[in-house]
Each structure stands twice: as C-alpha cells, then as structure tokens.
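The values are calculated or read from the model by the stated rules, or taken from the named source; none is laboratory data. Everything quoted here is computed from the prediction, not taken from an experiment. Neighbour counts run over all protein chains shown; Cβ positions are idealised from the backbone, glycine included. Quick note on the areas: whole protein, heavy atoms, side chains included, nothing else; ligands and nucleic acids left out. Shrake-Rupley method; radii C 1.70, N 1.55, O 1.52, S 1.80 Å.
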Amino acid sequence: ITLIFSLLKGKTNKMKEDVLEQHIEQHDFDFDQEWAERQESEISVLECVYSTEELRCDTDSKGVRQIVRRLRLPHPSPSDAESQAVVELILTLTPKYPNPGTVLLIDARVARNDGGRRVRPASLPGLLGACRTEAAAYAVEGTEAAMAVLVVADAWADVEWQSIAPRQMSADDVGSAVNVVGAGVAATPGDEFLGRRMVYSHHIIAQSKRKAISQLASELKLGGYFKIGWPGIIMIEGSEENCIAFVDSIRRMRWQYITVRGEQQVKLRSAEFLDDRRLFHKKMEELGKDQMSFLAGKCREVGLEKLFKTALKIYEDEERSDPEELNESVHGVVAIVDHMNDPKNYHKRLKGLAKGTDCRLVLRHCPVPRNGRSVTAIVLGSAIGTKQFLKRWRTCAVDVDRRGSRCLERMLDVVAEGEVESTVWDSNTLHNLLISCGETVSAEDMSSICKFIGGDKWSSAWLEAVGKT
C-alpha cells in the first residue's frame with residue numbers, strides 16, 4: 001500500500017510539474033508576443049518620424065530587429081561646407097526588450113567620409129556614452145527607449161558635434177592648420193595633444209556614478225583624481241581626444257549640476273610620447289569627501305595649482321581658460337498643452353525628461369474654459385538642456401490616446417522663453433508662491449508665477465496664449 005501511495009504521489013507531482021511547466025511556457029510565450037508587438041509598434045512610430053534616408057530597420061537571420069539611424073555630420077569650416085560624414089547609430093532590439101532590466105544595445109560606426117577631412121573613431125565614444133546612458137535609464141522601468149535615444153543622438157549631432165568637430169576631424173589630406181581650443185597653439189596634420197580637465201559638479205555620491213567614472217577613465221586611459229561628496233571634483237589627464245570623449249559621456253549622466261571649470265592642452269613635440277608628459281599617474285583614483293586639501297596639494301606638487309583653483313572659480317589669468325561664462329545663465333521656457341489623458345504617468349515622464357536634461361520643472365493645471373488650454377509647464381535649465389527637454393517632449397510618447405495606446409504630444413505650444421535670473425529657483429518667495437497656489441491654480445495665480453520668473457513679458461505672453469487678454 002505504501003509503495004502504491006508513493007507511486008501515485010509521484011505521478012501526481014509529475015502532473016503538477018508538467019502543468020506548471022506548460023503554464024510557464026505559455027506565460028513566456030505571451031510575454032514574447034507582447035514584447036514583439038511593442039517592438040513593432042515602436043519601429044512604426046520611428047518610421048513615421050524619420051525618412052527612409054535617415055532611418056532603416058533590419059532583421060537578422062535569427063529574427064532580431066535592428067534600427068539604423070544615419071547621422072549626417074557637416075564639416076564646421078565654411079570652406080568645407082559641402083563636406084560631411086555619415087555615422088550610423090545601430091540600436092539592437094534584443095528578444096526580451098523592452099522587458100524591465102533589458103537594455104537596448106547600442107553601437108556606432110563611421111559609414112562614409114566626404115572631402116579631405118575625416119571623422120576619427122575617437123569622436124564616437126561621446127555619442128555612444130550619451131545614448132547608452134539614456135537607454136539605461138529607460139531600462140529600469142522597462143519602457144521603450146529607442147525614440148529617446150535617437151533624440152539624444154540628434155541633439156549630439158546638432159549641438160555637441162559643433163563644439164568638438166574642430167578637434168575631432170583629422171586633416172590627413174589637407175594642409176591647413178586647425179586651432180585647438182585653449183591650447184594657445186595651432187595644430188597641424190599629425191599633431192598630438194595631452195589634455196587636462198577640471199570638472200566641477202554639485203555632488204558625487206551614487207555608487208553607480210562613481211563606478212562609471214572609474215570605468216570610463218580606465219577605458220579611455222585617463223589618469224587623475226575624483227573627489228566624492230559635496231562638491232564633486234574630477235581632475236583628468238590623458239589624450240586630448242579621450243578627455244573630450246570623457247566629458248561628453250559624463251555630461252549625459254544625471255547630474256544636478258556639472259560643468260568644466262578649467263582645461264589645458266599641451267602640444268607634444270615630435271618623437272615625444274604622451275605618457276612622458278603626464279604629471280599624474282595613469283589610473284583614476286577616488287578621493288574621500290574630506291580630501292579636497294589632498295587634491296589641492298597633489299595639483300600644487302606638479303605645478304597645476306592654477307588649474308585646480310578654476311574648480312573654485314578662482315581665475316588668476318586675465319583670460320579665463322573655461323570656455324563657459326563665469327556666471328552660468330539660466331534659460332527658461334513656458335509651454336502649454338491642452339489636456340493630459342493620463343496625468344499621473346504624463347507627469348512622471350516629464351519629470352524623467354527634466355531629470356535627464358538637468359532641468360527644473362514646474363507643472364500646474366489651470367482650467368481655461370474659453371479655449372481649454374489647461375496645463376502649463378515652466379522649464380528652467382541651460383539653453384542646451386531646455387532645448388533637449390522640448391525636443392524630447394515632442395518626440396517621446398508621453399501620453400495615451402482614447403484607446404489607451406501610448407502617443408506623442410501634438411498640441412505643445414511654447415509661449416515664452418529666454419534668460420532668467422540664476423537665483424530665481426532658490427528664491428523663498430517662489431517656493432512659497434508655488435506651495436500656496438497648489439497643483440491646480442487660477443489664471444491670476446499662474447500669471448503671477450510667470451511674472452515672478454520671467455517678468456511682465458512672460459505673464460503677458462501666457463495670458464494672451466490662454467485667451468485672457
């Protein structure tokens with residue numbers, strides 16, 4: 001009897017296991033179908049946004065989808081206006097993308113070079129770093145990242161490329177010299193430069209960010225130090241091209257504030273090795289929160305005290321080495337949309353966009369019966385940051401339509417923008433005004449908020465946009 005009972009129990013357990021396995025297989029199949037449908041939907045949206053010359057979609061022998069975005073990079077020199085390079089950004093949609101935790105795979109290659117000047121491969125790490133950082137942020141929640149990544153790539157081509165192009169384009173076939181920013185000397189074909197950067201950030205605390213800084217510096221063969229805590233200081237030294245790539249990459253991480261305060265370029269003499277001109281060791285070393293004086297001492301020992309002082313905005317030379325202005329200006333934008341079908345998630349996505357572009361965001365609902373313009377957003381940040389925020393807002397699926405499907409915002413209207421006082425966000429008056437008004441405000445209150453930040457011009461523009469004048 002015991003033997004029969006054991007056999008029956010074993011058979012029952014085996015049946016349960018088979019049913020469970022079938023359930024798991026069906027569950028996985030259902031999810032595979034869902035992910036495939038979401039990939040197909042995402043690709044359809046991209047094909048509507050970009051032309052066939054700008055974007056194509058491929059499928060390999062295993063059925064894995066790839067999105068290839070062709071970025072055209074013009075030459076910065078007016079004399080070479082007809083010359084351009086084409087870089088292909090390749091997004092690979094793995095079978096389980098966009099499952100939470102599954103990152104969009106991103107690579108890039110130089111597809112074509114026109115004219116005498118050619119894009120160096122060293123210019124690509126900055127683009128890849130920016131795109132991969134954006135993709136990683138979306139992977140946490142398991143949301144579609146391709147559109148957001150392509151927006152970052154477009155912004156890099158429109159903005160970042162213009163600043164790094166003179167230093168990233170080689171002149172193998174051209175005899176003219178190229179000026180290197182901050183070096184004080186001209187670069188001729190074959191010249192090599194040792195670069196240094198003093199980077200200041202509001203803080204460096206997150207373990208993931210500290211690990212990313214160390215790994216990126218190691219990949220680019222950069223040495224130096226970075227101090228964690230408040231403020232965060234990063235001092236790098238190595239190839240000028242790799243210094244550029246490092247800064248381009250870390251700018252795309254999520255910071256409350258980050259800027260390059262000082263930089264140096266040292267032209268190498270013929271037959272001179274870059275490592276012979278290094279003043280720091282070749283590895284990146286992390287310093288503790290209380291080791292600012294240690295970093296100052298290290299810089300002083302090797303004759304870089306002036307460069308260190310730039311981190312504290314102390315510039316002893318008449319001409320500042322940092323290409324940015326001493327008093328960073330704040331750019332502001334007032335935008336209106338007529339409705340939000342899914343307010344909770346819409347707000348969440350806008351806050352994510354603001355964080356990703358280092359912008360501050362104020363969202364208020366203000367019902368206006370005459371024309372229905374009910375949601376106002378005020379965005380504060382750098383000129384580049386606010387531009388990227390608006391571009392992503394227009395090209396990312398931030399809301400849902402009547403059927404519940406993710407959709408783009410097609411009714412966004414920018415009513416005012418321009419520079420504002422850098423201290424406006426930290427003003428107690430503004431904070432008290434926002435708290436007292438609440439999330440849903442009257443037209444009078446919204447007008448007051450606009451006026452406090454951007455003056456009468458902003459207030460009048462908002463009132464006119466909502467039909468109150």
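Maximal additional length on extending the Q215-S51 stretch stands at 55.4 nm, based on 0.36 nm per residue less the C-alpha distance. Per residue, the stretch 194-233 exposes 38 Å² of accessible surface when a 1.4 Å probe is rolled over the protein heavy atoms with every protein chain present.
The modelled label-to-label distance between H339 and D401, using points 7 Å beyond Cα along the C-beta direction, is 1.4 nm.
The alpha carbon gyration tensor of the stretch 187-307 gives principal lengths a ≥ b ≥ c with a/c of 1.5 or higher and a/b greater than b/c, which makes the shape prolate. Quick one: if the Förster radius is 41 Å, what FRET efficiency do E305 and D456 give, using the C-beta to C-beta distance and rounding to 0.05? For E305 and D456, the calculated efficiency is 0.30. Available extension along the chain between I90 and R410 is 112.5 nm, counting 0.36 nm per residue and deducting the alpha carbon span.
The fraction of accessible area contributed by carbon and sulfur in the stretch 202-276 is 51 percent, rounded to a whole number (1.4 Å probe; ligands and nucleic acids excluded).
Distance between the modelled labels on D158 and R254, one decimal in nanometres: 2.3 nm (7 Å Cα→Cβ projection).
A full extension of the chain between S293 and K62 corresponds to an added length of 77.5 nm, given 0.36 nm per residue minus the alpha carbon distance.
From the Cα gyration tensor of the stretch 194-241, with a ≥ b ≥ c the square roots of its eigenvalues, which class applies: rounded if a/c is under 1.5, or else prolate if a/b is larger than b/c, or else oblate? Oblate, because a/c is 1.5 or more while a/b does not exceed b/c.
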